[in-house]
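Asker: Have a look at this one.
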Amino acid sequence: MPDPLKIWYVAGQRLCNLKCPYCVSTGEWAKSNRYDWKNPADRNTFAAVVEWIAARPQPVEVRLGSLGEPFASPFFLQKAGWLTQQPGVRYVELLSNGSLLKQRLPKLEPQANLGKLSLWLTWHEDQLPLEKFIEGAVLAQEEYGCFVVVNVLLFDSHDTTGIQRARAAARAAGLRFNVDLGYDPTAPSESFDHTGDPARAVPAMRDGDVLSTVAECGGDAALTQAALTALSSPLGRPCRAGHDYLFIDIHGQVYRCSRYAALERAPLGSVLDTGFELPLRTERWAPCEAASGCCNKEDFLNLQLAAPLRSRDVPSLGWTNA
């Protein structure tokens with residue numbers, strides 16, 4: 001059997017039921033508290049890309065992202081559920097705030113293979129009670145057989161009380177737990193394009209030893225170190241993105257990774273073009289050409305330096321068995 005193709009697709013679904021002040025969905029990629037899709041073309045693009053993914057000749061592993069909250073969108077869920085039922089799809093991973101799981105999963109079950117659904121659930125302190133969040137995560141894992149990761153964001157190295165609460169609650173409930181670095185929402189497009197200084201984008205780095213803080217919070221310091229290296233100096237480092245991993249943006253454009261998409265570097269074509277043939281690279285490793293700013297784990301976990309972090313195959317583009 002050929003190696004699976006890992007795909008991270010960010011769709012133009014925008015509706016979100018939370019109002020997090022640190023949300024990085026801004027500008028052209030902004031979420032909305034009012035509408036689901038900015039225009040009908042966005043919805044049509046989403047449907048076309050999902051069908052293209054399902055038609056790949058090799059097995060695929062998909063992180064199906066959105067700009068908002070996927071469980072707030074019936075159409076998004078319908079297509080995600082359909083994708084889990086396709087034979088070549090090994091799993092479909094959704095990124096969610098976890099607030100709507102108890103309402104939506106029972107409705108999704110008849111039209112999906114929930115055993116192939118992976119949920120990366122980020123708890124947003126001050127936006128959702130932790131008890132409600134954990135209840136939804138446990139329901140997804142225990143009742144529906146989903147692969148569940150409880151994720152938290154580290155912004156302030158001096159104040160980790162909320163993260164410690166989430167860690168204790170997740171472990172008590174038998175849930176996987178992960179700590180991600182929180183980013184300054186003004187940084188991704190302007191602040192660290194060429195500075196090579198990850199502290200410009202990572203608030204937690206400005207006031208403490210972020211590696212030690214992550215470890216004390218129950219996160220993976222090695223994963224965090226890989227993130228900091230990718231932020232500051234990916235240039236020239238061997239990466240397999242473009243070989244068995246790719247990124248698709250909200251317009252259906254294909255790139256080897258999301259950093260290349262942000263830089264508009266070396267597009268591979270559009271899924272929406274008739275007869276589009278995916279030009280995957282034959283060689284496994286190729287040097288990264290981005291000077292800095294590789295900030296998404298979906299991307300930087302493809303760097304050769306991060307290969308030891310994935311000790312075994314799991315149904316997630318972000319979980320590393322920490």
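The values are calculated or read from the model by the stated rules, or taken from the named source; none is laboratory data. In this text, all values refer to a predicted model and were calculated from it rather than measured experimentally. Cβ: placed from backbone, ideal geometry, glycine included. Neighbour counts: every protein chain shown. Each accessible area value is taken on the protein alone, full model and side chains, heavy atoms only, with ligands, DNA and RNA left out. Shrake-Rupley method; radii C 1.70, N 1.55, O 1.52, S 1.80 Å.
Asker: Could you rank 177, 155 by how accessible they are, 1.4 Å probe, largest area first? The partial results should precede the final answer.
Answerer: Details: 177 15, 155 55 Å².
The ranking, largest first, comes out as 155, 177.
Asker: Could you tell me what percent of the DSSP beta bridges with both partners in the chain are antiparallel, to the nearest 5? Intermediate results must be reported in sequence, preceding the final value.
Answerer: Values: 8 of 40 bridges.
Just about 20 percent of them are antiparallel.
Asker: Decide, for segment 174-306, between rounded, prolate and oblate: order the square roots of the alpha carbon gyration tensor eigenvalues as a ≥ b ≥ c, take rounded if a/c falls under 1.5, and otherwise choose prolate if a/b is larger than b/c, else oblate. Show your work: numbers first, answer last.
Answerer: Values: a/c = 1.99, a/b = 1.74, b/c = 1.14.
Cα axes put segment 174-306 in the prolate bin.
Asker: Let's see if you can work this out: charge +1 on each Lys and Arg Cβ, -1 on each Asp and Glu Cβ, no other charges. What is the dipole magnitude of segment 153-282 about its Cα centre, in debye to the nearest 20?
Answerer: Numbers: 12 positive and 16 negative charges, 85 e Å.
With Lys and Arg at +1 and Asp and Glu at -1, about 400 debye.
Asker: Per the helix-only calculation at 222 nm, which mean residue ellipticity applies to the chain, given -39500 (n - 2.57) for every DSSP H run of n ≥ 4 and division by its residues, nearest 500 deg cm²/dmol? Please list the in-between numbers first.
Answerer: Numbers: 9 runs with 84 residues, N = 322.
Estimated from H runs of four or more residues: -7500 deg cm²/dmol.
Asker: What length, rounded to one decimal in nm, is gained on full extension from residue 215 through to residue 304, with 0.36 nm per residue of separation minus their alpha-carbon distance?
Answerer: Values: separation 89, 0.36 × 89 = 32.04 nm, distance 2.26 nm.
Result: 29.8 nm gained on full extension.
Asker: Which whole-Hz couplings ³J(HN,Hα) result when phi for each residue of segment 287-295 is put into the Karplus expression 6.51 cos²θ - 1.76 cosθ + 1.60, θ = phi - 60°, listed in order with x for Gly and Pro?
Answerer: 3J(HN,Hα) across segment 287-295, in whole Hz: x, 5, 10, 8, 5, 6, x, 7, 10.
Asker: What is the distance in Å between the Cα centres of segment 112-168 and segment 60-92?
Answerer: Going from one Cα centre to the other spans 19 Å.
Asker: Ok, one more. When the Cα centres of segment 1-55 and segment 230-264 are compared, how far apart do they sit, in Å?
Answerer: For segment 1-55 versus segment 230-264, the Cα centre distance is 17 Å.
Asker: Please give me the summed charge of the neighbours of residue 111: other residues whose Cβ is under 15 Å from its Cβ, Lys and Arg +1, Asp and Glu -1. Let's see the in-between values first.
Answerer: Working: positive: 79, 104, 107, 116; negative: 109.
Spelling it out: positives minus negatives among the neighbours equals +3.
Asker: Any idea what the relative contact order of the chain is, in percent, if you count C-alpha pairs under 8 Å spaced at least 6 apart? Numbers along the way, then the final one.
Answerer: Working: 659 pairs, mean separation 55.8, N = 322.
Value for the chain: 17 percent.
Asker: Now for a separate question. Heavy atoms only, probe 1.4 Å: what % of the accessible area of segment 46-104 goes to carbon and sulfur, would you let me know? Present the calculation step by step, with values, prior to reporting the outcome.
Answerer: Numbers: 880 of 1730 Å².
Its accessible area is 51 percent carbon and sulfur atoms.
Asker: While we're on this one: Using the scaling law 2.2 N^0.38 Å as the reference, what is the normalised Cα Rg of segment 24-114?
Answerer: On the way: Rg = 13.3 Å, N = 91, 2.2 N^0.38 = 12.2 Å.
Normalised Rg, Cα atoms only: 1.09.
Asker: If you don't mind, there's one more thing I want to ask. If you take the beta carbon distance between residue 172 and residue 132 as r and set R0 to 22 Å, what does 1/(1 + (r/R0)^6) give as a FRET efficiency, to the nearest 0.05?
Answerer: The calculated FRET efficiency here is 0.90.
Asker: Tell me, what ³J(HN,Hα) does each residue in segment 240-250 have, in order and in whole Hz, if you take phi through Karplus 6.51 cos²θ - 1.76 cosθ + 1.60 with θ = phi - 60° and put x for Gly and Pro?
Answerer: Result, ordered by residue: 9, 4, x, 9, 9, 8, 8, 10, 10, 8, 5 Hz.
Asker: First compute the accessible area of segment 218-322 with a 1.4 Å probe, then give the percent of it belonging to carbon and sulfur atoms.
Answerer: Using a 1.4 Å probe with all protein chains present, segment 218-322 comes out at 50 percent carbon and sulfur.
Asker: Let me ask something additional. Projecting each Cα onto the charge dipole of segment 96-167 (Lys/Arg +1, Asp/Glu -1 at the beta carbon, about the Cα centre), which of 151, 166, 108 comes out farthest on the positive side?
Answerer: 108
Asker: Go through 277, 69 and list them by solvent-accessible area, largest first, probe radius 1.4 Å.
Answerer: Working: 277 145, 69 5 Å².
Listed by decreasing accessible area, they come as 277, 69.
Asker: Determine the shape class of the chain: with a ≥ b ≥ c the square roots of the Cα gyration tensor eigenvalues, call it rounded for a/c under 1.5, and otherwise prolate if a/b is greater than b/c, oblate otherwise. Before the final figure, lay out each step's value.
Answerer: Numbers: a/c = 1.39, a/b = 1.05, b/c = 1.33.
Here the chain falls in the rounded category.
Asker: With the Cα gyration tensor of segment 106-245 giving a ≥ b ≥ c as the square roots of its eigenvalues, does the rule (a/c under 1.5 for rounded; else a/b larger than b/c for prolate; else oblate) give rounded, prolate or oblate?
Answerer: On the way: a/c = 2.23, a/b = 1.43, b/c = 1.56.
Because a/c hits 1.5 or more and a/b fails to exceed b/c, segment 106-245 counts as oblate.
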